[in-house]
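First up is the structure itself, then whatever we jot down about it.
The values are calculated or read from the model by the stated rules, or taken from the named source; none is laboratory data. Everything numeric here is computed off the predicted structure, so don't read it as measured data. Heads up, the Cβs are rebuilt from the backbone with ideal geometry, glycines too, and the neighbour counts pull from every protein chain shown. Protein only, heavy atoms only, side chains kept; ligands, DNA and RNA dropped before computing areas. Shrake-Rupley method; radii C 1.70, N 1.55, O 1.52, S 1.80 Å.
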Amino acid sequence: MQKIEHIGIAVKDIEKGNAIYAKLLGVEPYKMEEVTSENVLTSFFKVGENKIELLASTTDDGTIAKYIDKRGEGIHHIAFAVEDIHAEMKRLRNEGFRLLNEHPKKGADNKLICFVHPKDANGVLVELCQEIPKQGY
Ligand code: ZN
């Protein structure tokens, strides 16, 4: 793994979350993106080399809505940048980690992503993410 790519924070209301984190970090989010396959609305902040991702559910029964019902708002996952997500998934499977995704899926912010089962990582939901190469050159 290369580095922590971002930290994901579950929020009830993306606009309120944006306002709080803009105040806290002193920058506005550089992008907002809906991931319809996940029923989630995301926004991203850049702080130096690091990113914070806010996640809010777009439906009452989405993953993030369920998470907040159970555990409240807060840190939801830690994402690590990887160079080759397929190789990393294979490596982790061989180490005995359960992955929540059979294949990498398209996430927000131009990434291929995969989640590691939190029960296999001391209760932390770990996301692997690989930048999708830009097309056309
Ligand atoms: Zn994420």
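How large is the helix-only mean residue ellipticity at 222 nm for the chain, computed as the sum of -39500 (n - 2.57) over DSSP H runs with n ≥ 4, divided by its residue count, in deg cm²/dmol to the nearest 500?
-6500 deg cm²/dmol
Could you check which residue among Leu100, Leu92, Leu24 shows the biggest mean-square fluctuation in a GNM of the chain with a 10 Å Cα cutoff?
Result for the chain, Cα springs under 10 Å: Leu24 fluctuates most.
Could you tell me the relative contact order of the chain? Use alpha-carbon pairs under 8 Å, at least six residues apart, and round to a whole percent.
25 percent
Be a star and scan region 94-113 for residues whose amide nitrogen sits under 17 Å from the point 7 Å along the Cα-to-Cβ vector of Lys70.
98-101
Counting only DSSP beta bridges with both residues in the chain, what percent are antiparallel, rounded to the nearest 5?
Counting DSSP beta bridges with both partners in the chain, the antiparallel share is about 75 percent.
Where in region 1-101 are there chymotrypsin sites (Phe, Trp or Tyr not before Pro) that are in a DSSP coil and have at most 16 other Cβ atoms within 10 angstrom of their Cβ?
Those that pass, being in a loop and sparsely packed, are Tyr30, Phe97.
For Thr58, what accessible surface area do you get with a 1.4 Å probe? Give it in Å², rounded to 10.
60 Å²
Subtracting the Cα-Cα distance from 0.36 nm times the residue separation, let me have the gained length for Leu100 to Gln2 in nm, one decimal.
Stretched fully, the Leu100-Gln2 segment lengthens by 33.2 nm.
For region 71-137, run through the trypsin sites (Lys or Arg not before Pro) and keep only the ones in DSSP coil with at most 11 other Cβ atoms within 10 Å of their Cβ.
Lys134
Looking at region 1-56, which GluC sites (Glu not before Pro) are in a loop (DSSP not H, G, I, E or B) and have at most 11 other Cβ atoms within 10 Å?
Glu49
Mind giving me the FRET efficiency for Glu34 and Asn110? R0 is 22 Å, r the Cβ-Cβ distance, nearest 0.05 is fine.
E between Glu34 and Asn110, to the nearest 0.05, is 0.95.
May I ask you to give the percent of accessible area on the chain that is carbon plus sulfur, with a probe radius of 1.4 Å?
Solvent-exposed carbon and sulfur of the chain make up 52 percent of the total.
Please work out the average accessible area per residue across the chain, using the 1.4 Å probe convention, and give it in Å².
Heavy-atom SASA per residue in the chain reads 60 Å².
Lys23: which lysines have alpha carbons under 17 Å from its alpha carbon, excluding same-chain residues fewer than 8 sequence positions away?
Lys31, Lys46, Lys51
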